[in-house]
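This report concerns only the one structure given below.
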Amino acid sequence: LERPGTIRGQALAANPTALMQLVVELQDPACDTERIEAIVTRDPGLSYRLLRCVNSAAYGLARRIESLHEAVVFLGTATVRNLTCLLLLSNTGGQPRELLRMAMFRARFCELFAGVCGLTERSRHFTVGLLSLFGALLEQPLEKLLVDLPLSAELKGALLRFEGDAGRILAGLVSLERADWNPLLSIVNAPERIQ
């Protein structure tokens, strides 16, 4: 019945290599829950954070989920991808928090704008928005970072040359950040040009 002592320590951090691998795995259309679970179990920090997330009040579950398999199945690949990207970005170290917020804003904006335009695969647009600031966050050229990521040619084209639907939306968002509304307005006024 002693008063418990306070133990101070650092929170478990997710391994950036495992996170990057998971992000890439999630881009594969054939990705299944077993493959995701296999990557997550390699990193105790990531496993802990996923279980903490799924058992948080935000999901309001009647019972506690205690296995990673249940967590991945319950959250779904889209939510696991988003959470993983957040964990990866939060581990970038001494970068300004505003840069992290900007990356998340870009990701969400691209995802929602794709929905407004009636585009499918909104998760790919989320990924393009999120990865667009990886170069700044990791202080390396984006071209160099993408060499190590086995992303599809479509995603690389969108990130590096603003190609395809996702690239045009990203280009419009970058213009919007510079107070130039015209590229996004042209997409909204003529959605057939993006399809």
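The values are calculated or read from the model by the stated rules, or taken from the named source; none is laboratory data. Computed from a prediction, not measured in an experiment: that's the story for all the values here. Here the Cβ is made from the backbone with ideal geometry for all residues, glycine too, and neighbour counts use every protein chain on show. Side chains included, ligands, DNA and RNA excluded: accessible areas come from the protein's heavy atoms. Shrake-Rupley method; radii C 1.70, N 1.55, O 1.52, S 1.80 Å.
Is there a residue in region 173-190 that is touching a Gly at 6+ places or on another chain (Cβ under 6 Å), modelled with pLDDT of 90 or more and open to solvent by less than 50 Å² (accessible area, probe 1.4 Å)? No, because not a single residue in region 173-190 is touching a Gly at 6+ places or on another chain (Cβ under 6 Å), modelled with pLDDT of 90 or more and open to solvent by less than 50 Å² (accessible area, probe 1.4 Å). Restricted to region 57-84, and to residues there that are β-branched (V, I, T) and either open to solvent by 80 Å² or more (accessible area, probe 1.4 Å) or without any contact (Cβ under 8 Å) to a residue 40 or more places away in the chain (or both), the residue that is farthest from C31 (Cα to Cα) is I65.
Can you name the residue in region 42-56 that is at pLDDT below 80 and not in a helix (DSSP H, G or I) and is also least open to solvent (accessible area, probe 1.4 Å) among such residues? That would be D43.
For region 109-122, a residue qualifies if it is touching a residue at least 60 places away in the same chain (Cβ under 8 Å) and either surrounded by fewer than 17 Cβ atoms within 10 Å (Cβ to Cβ) or touching a Leu at 6+ places or on another chain (Cβ under 8 Å) (or both), and the qualifying residues are F109, C110, F113, V116, G118. Being among the hydroxyl-bearing types (S, T, Y) and under 20 Å from S132 (Cβ atoms) is the filter; apply it to region 63-102 and report the residue that is modelled with the highest pLDDT. Looking at residues that are among the hydroxyl-bearing types (S, T, Y) and under 20 Å from S132 (Cβ atoms), I get T84. Would you check if there is a residue in region 6-18 being open to solvent by 40 Å² or more (accessible area, probe 1.4 Å) and either at pLDDT 80 or above or in a helix (DSSP H, G or I) (or both)? For region 6-18, residues open to solvent by 40 Å² or more (accessible area, probe 1.4 Å) and either at pLDDT 80 or above or in a helix (DSSP H, G or I) (or both): present. Residue count for region 130-170, restricted to those that are in a helix (DSSP H, G or I), in contact (Cβ under 8 Å) with a residue 40 or more places away in the chain and farther than 18 Å from P96 by Cα: 5. Does D165 count as modelled with pLDDT under 85, open to solvent by 10 Å² or more (accessible area, probe 1.4 Å) and among the acidic types (D, E)? So D165 does not fit the description; no.
Conditions (1) farther than 28 Å from E37 by Cα; (2) hydrophobic (A, V, I, L, M, F, W, C), marked per residue:
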{"position": "A62", "(1), (2)": "no, yes"}
{"position": "E70", "(1), (2)": "no, no"}
{"position": "P96", "(1), (2)": "yes, no"}
{"position": "L99", "(1), (2)": "yes, yes"}
{"position": "R108", "(1), (2)": "no, no"}
{"position": "F113", "(1), (2)": "yes, yes"}
{"position": "T120", "(1), (2)": "no, no"}
{"position": "A136", "(1), (2)": "yes, yes"}
{"position": "V147", "(1), (2)": "no, yes"}
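Here is the figure for region 93-108: residues that are closer than 18 Å to A171 by Cα and open to solvent by 80 Å² or more (accessible area, probe 1.4 Å) total 2.
Taking region 123-143, which residues are modelled with pLDDT of 85 or more and open to solvent by 50 Å² or more (accessible area, probe 1.4 Å)? Those that are modelled with pLDDT of 85 or more and open to solvent by 50 Å² or more (accessible area, probe 1.4 Å): P141, E143.
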